[in-house]
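Notes for the one structure printed next.
We did not get these values from a lab; they are worked out from the coordinates using the rules stated. Everything numeric here is computed off the predicted structure, so don't read it as measured data. Heads up, the Cβs are rebuilt from the backbone with ideal geometry, glycines too, and the neighbour counts pull from every protein chain shown.
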Amino acid sequence: MTPTVPARLQGITKRFGTVEALRGAELVVRAGEVHGVLGENGAGKSTLLNILAGMLLPDAGTVKVDGRVRVLRRPRDAWRAGVGMVHQHFTLVPALSVLENLALGLRSAAGGLRLPYAELERRVEALSAGTGLAVPLDATVEQLGVGARQRVEVLKALLREPRILVLDEPTAVLAPSEVQTLFALLRGLADQGRAVVLVAHKLDEVLDVADRVTVLRRGRTVLEAARSDVDLPGLIRAMVGSDEADPVAIGAFHGAETPVAPTGGEPVASLAGVRVRDGRGAWALDGATLDVRRGEVVGVAGVEGNGQHELALVLSGRVAPGEGSARVPGDVGFIPQDRTVEGLVGDFDLTANVALALHREGAYASGPGGLLVRWGALRRRTGELLEKFDVLASGPGVRAGTLSGGNQQRLVVARELEMARDLLVAENPTRGLDVGAASFVHDELRRLTRRDPCPGVVLLSTDLDEVLALSHRIFVMVRGRLTPVPEGARSREGVGALMLAAAHGRHG
Amino acid sequence: MGAMGELLRRLGPAWATLLALLGTVLVAGLLLVAGGYDPFVAAGALVSGAVGSPEAFLSVTLVRSVPLILTGLAVALAFRAGVWNIGAEGQLYAGAVAAAWVGLSGGDLPAWILLPAVLAASAVAGVAWALVPTVMKLRLGVGEVITTLLMNFVGINLAAWAVHGPLQEARGVFPQTDPIAAGARLPALVPGSRLHVGFLLALVLAALLWGVLRWSRAGFVLRSVGASQPAARVAGRMNAPRAVFVAFLASGALAGLAGGVEVSGVTFALYEGLSPGWGYTAIAVALLAGLHPGAVVATGILFGALEGGAGSMQRVAGIPATWVIAVEALVILSVLAVDQLRRRVVRAAAHG
């Protein structure tokens with residue numbers, strides 16, 4: 001049976017200032033299918049989905065829904081046409097209950113000012129039963145974890161009964177087990193006849209769930225194929241272009257060499273019984289003891305929110321321990337998890353963003369007591385870093401906020417590698433990055449440990465594959481405590497079992 | 001985004017600001033007509049009173065621009081550091097009281113001792129006035145918008161109390177002080193005009209502030225903390241509270257100095273209602289200048305001309321000077337609206 005086509009985007013062009021995000025992209029959405037949209041950072045995936053969801057108007061090209069050309073000026077137009085979007089960033093009100101959040105923006109069938117809670121509850125329960133989407137309706141959103149919040153977002157979208165459900169990077173914030181839950185849900189929705197379109201960065205994830213894939217490269221659709229007709233190397237070739245095809249090197253976790261244990265020596269950083277309180281006064285980091293030596297990558301795996309951020313802040317010298325002792329070097333690079341908040345100032349140009357870390361270096365100071373900043377030297381250095389690390393930007397004078405996520409991360413990595421003479425602390429350094437950008441980060445981390453003299457590296461990540469592929473030694477972080485992973489348990493299953501045990505211990 | 005946003009995005013910030021000013025002029029003209037006044041006569045009086053002659057420009061416009069530039073710099077400096085100091089008015093009054101007190105008790109001390117002492121006292125008083133909100137912000141987490149605003153009333157009434165009480169003139173008739181000592185007065189900048197050396201001081205401070213923000217490490221730290229505290233702390237390893245502390249107090253010093261310069265350069269005495277709200281107008285001066293110290297000089301002179309022209313408008317066209325206050329408010333509103341729109345447009349464009 002040939003699936004029907006509820007939506008078709010043809011020849012879509014979209015320009016932001018001088019950047020051409022889309023240059024004649026195509027997307028054919030079929031009912032009953034999960035459709036994965038792939039591409040490197042800046043390929044135009046999010047832009048294309050935003051056009052389908054009525055968030056952006058294309059400069060040229062047509063959007064056809066049910067065979068008719070539509071102009072979707074605003075999200076409401078898309079809703080009416082049957083397109084619902086689940087956003088990358090959550091749009092929930094934390095202080096309200098799940099039910100109240102679901103009621104936002106809905107109208108009572110009976111009309112009037114009273115919110116239709118009873119009616120809504122019945123509908124949500126019916127939906128939950130039909131899709132297996134279970135969320136506690138009375139809980140406030142702030143009590144929920146990210147996975148549950150996302151399920152609320154999906155529910156919110158489904159309440160408007162869309163025939164096309166669009167998800168922009170739904171897996172970026174999820175733990176591995178939650179990804180599986182989400183994919184099972186999407187599968188079920190497609191089986192009921194809806195069309196599901198999603199963007200995800202990790203190729204193997206998309207291949208797990210998608211029936212069909214569309215690959216974008218530099219704003220153009222370069223491949224559209226059924227899942228059964230493509231394999232991983234073929235997709236990678238399509239994404240990065242055939243000219244630089246080395247799928248093994250690009251597929252970050254496929255064929256990564258086994259790390260060699262480092263030589264001994266004095267630790268560059270050592271923590272003993274370090275405890276740090278979180279914002280509410282609880283011990284987020286609860287007794288961490290850790291030595292890091294030059295040339296080794298220490299991996300810290302764990303489910304989000306188990307004290308990794310606090311550990312990273314202590315190791316990078318940003319926070320003093322509440323209890324215990326921490327000896328950390330001064331020359332430390334830090335790749336923070338949230339690059340747009342803690343890593344960069346979006347309103348500053350690239351030079352000033354590089355200067356954030358480099359301004360205290362002797363080479364970039366002049367005048368009596370080093371009081372002045374040598375902006376000329378910083379601008380030249382920034383230009384060199386852009387070149388060396390392949391940051392797509394027209395120059396050092398561009399505002400950091402205008403770069404794509406991958407290019408922002410390249411800039412942060414470039415800058416922090418400059419600083420990491422003794423130690424580099426990297427916190428989820430590839431979150432939200434596409435394959436190319438992620439493997440770039442991985443390569444740089446590996447290269448760093450071969451530098452002479454080389455620093456020590458601490459990699460904190462919720463991505464288990466990443467930790468396994470890069471680390472010499474691995475710890476699991478459980479409720480603020482570090483547990484070393486024995487050599488024998490060094491596998492997805494072994495570490496995963498420890499992590500799951502942690503998750504169960506937490507809820508049970 | 002609507003057609004208006006699209007238009008603004010194409011125009012860019014400078015033209016958008018100009019457009020806002022033109023719109024303001026139009027609305028102000030319509031208001032005048034509605035009030036039964038001839039807008040052209042009024043505009044003519046405004047222009048000739050402000051810039052109609054060298055005398056008007058030097059003795060009226062530039063003289064009035066001095067406190068506006070100094071408080072405008074104070075606000076720009078604070079806002080750049082993310083400190084919402086809207087207490088320039090109170091800090092100005094504190095500075096004026098201190099300047100008058102030192103100037104009155106100076107006797108026949110020579111100017112090279114007394115004048116620096118007067119100006120220093122006003123700056124220190126401004127710092128003291130800013131210190132209360134600074135400490136409340138950093139130690140107790142109290143928002144500075146409220147505290148600086150409330151400190152304005154304390155400052156205004158401190159001056160009122162001083163001229164009714166301890167500092168009142170010897171005759172005891174009017175609520176004002178005796179004239180300050182001759183050595184406490186700023187010399188004229190242009191002979192034969194009322195323009196005093198304080199204008200030069202304001203220009204030098206604007207240039208200095210520009211240099212510090214642009215070229216010094218301290219200025220970069222301050223801008224970083226103002227632009228994003230998390231990034232400044234984590235990526236920049238900067239001491240955000242210290243930057244806030246320094247910027248807040250330096251802002252207070254500049255605003256206090258504005259009061260001292262006014263007393264030692266123009267009025268030579270302290271009286272109630274010394275400032276027609278310069279510390280508030282300063283917010284518009286700074287915002288219209290995009291928080292750029294060099295541009296603050298220009299917008300300070302613009303608002304100085306507006307205030308100067310108001311006097312002549314009252315005399316020549318018979319329009320109440322309070323009308324100009326309404327115009328200033330219109331400018332503030334239109335600038336803020338345009339600024340916000342522009343930001344939203346830039347954000348929307350960057351998001352795709």
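Could you tell me the relative contact order of chain A? Use alpha-carbon pairs under 8 Å, at least six residues apart, and round to a whole percent.
Numbers: 1023 pairs, mean separation 79.2, N = 508.
Computed over chain A, the figure is 16 percent.
B:H196's amide H: which non-local residues (gap 5+, or another chain) put their own amide H closer than 5 Å, with H modeled 1.01 Å from N in plane and none for Pro or chain starts?
B:L189
Between rounded, prolate and oblate, where does the range B:26-173 land on the alpha carbon gyration tensor, with a ≥ b ≥ c its root eigenvalues, rounded for a/c under 1.5, else prolate if a/b exceeds b/c?
On the way: a/c = 2.00, a/b = 1.32, b/c = 1.52.
It is oblate, given that a/c is not under 1.5 and a/b is not larger than b/c.
For the range B:19-351, what relative contact order do you get, as a whole percent, if you take Cα pairs closer than 8 Å and at least 6 residues apart? Don't skip to the answer; put the middle values down first.
On the way: 599 pairs, mean separation 116.2, N = 333.
35 percent.
Enumerate the amide H contacts of A:A269 below 5 Å, restricted to partners 5 or more residues apart or on another chain; note that Pro and chain-start residues carry no placed amide H.
A:V292
I want to check a number: in the protein assembly as shown, how many lysine pairs have alpha carbons closer than 21 Å, given a sequence separation of 8 or more or different chains?
The result is 4.
Relative contact order (percent) for the range A:336-419, with alpha-carbon contacts under 8 angstrom and 6 or more residues of separation?
Values: 96 pairs, mean separation 32.5, N = 84.
Once divided by the residue count of the range A:336-419, the mean separation gives 39 percent.
At q = 0.13, 0.19, 0.21 Å⁻¹, what is the log10 ratio I(q)/I(0) for the range A:355-398, with the Debye formula run over Cα points and no solvent?
For the range A:355-398 at q = 0.13, 0.19, 0.21 Å⁻¹, log10 I(q)/I(0) is -0.30, -0.58, -0.67.
Please give me the summed charge of the neighbours of B:V212: other residues whose Cβ is under 13 Å from its Cβ, Lys and Arg +1, Asp and Glu -1. Could the numbers behind the result be given before it?
Details: positive: B:R80, B:R214, B:R217, B:R223; negative: none.
It works out to a net charge of +4.
Per residue of A:218-229, how many C-beta atoms from partner chains lie within 10 Å of its own C-beta, taken as a mean?
Values: counts 0, 0, 0, 0, 0, 0, 0, 0, 0, 0, 0, 0.
Averaged over the peptide's residues, the number is 0.
In sequence order, what are the phi-derived ³J(HN,Hα) couplings for the range A:159-166 according to the Karplus relation 6.51 cos²θ - 1.76 cosθ + 1.60 with θ = phi - 60°, rounded to whole Hz, with x for glycine and proline?
4, 8, 6, x, 8, 10, 10, 10
Considering only the other residues whose Cβ falls under 10 Å of the Cβ of A:S270, what net charge follows from Lys and Arg at +1 and Asp and Glu at -1? Before the final figure, lay out each step's value.
Working: positive: A:R293, A:R327; negative: A:E266, A:D291.
With Lys, Arg at +1 and Asp, Glu at -1, the net is 0.
Computed over the Cα atoms of the protein assembly as shown, what is the ratio Rg over Rh, Rh following Kirkwood?
Working: Rg = 31.9 Å, Rh = 30.8 Å.
Radius of gyration over Kirkwood radius for the protein assembly as shown works out to 1.04.
Between the range B:27-78 and the range A:395-443, how far is it from one alpha carbon centroid to the other, in angstrom?
Each part's Cα centre sits 51 Å from the other's.
Check which residues have an amide H placed less than 5 Å from A:L167's amide H, if you skip close sequence neighbours.
A:V86, A:V197, A:L198, A:V199
How many nm separate the modelled label positions at B:A160 and A:L371, each set 7 Å beyond the Cα in the direction of the Cβ?
Roughly 4.2 nm, to one decimal.
Between B:S48 and A:L392, take the C-beta separation as r, use R0 = 51 Å, and let me know the FRET efficiency to the nearest 0.05. List each step's numbers first, then the result.
Values: r = 56 Å, r/R0 = 1.10.
Efficiency at R0 = 51 Å is approximately 0.35.
Would you work out the Kirkwood radius for the range B:19-351? I mean one over the mean of 1/r across all pairs of different Cα atoms, in Å.
Working: mean 1/r = 0.0487 Å⁻¹.
Here the Kirkwood hydrodynamic radius works out to 20.6 Å.
Stokes-Einstein at 37 °C, 0.692 mPa s, Kirkwood radius from Cα pairs: D for the range B:101-256 in µm² s⁻¹?
On the way: Rh = 18.2 Å.
For the chosen part, D equals 180 µm²/s.
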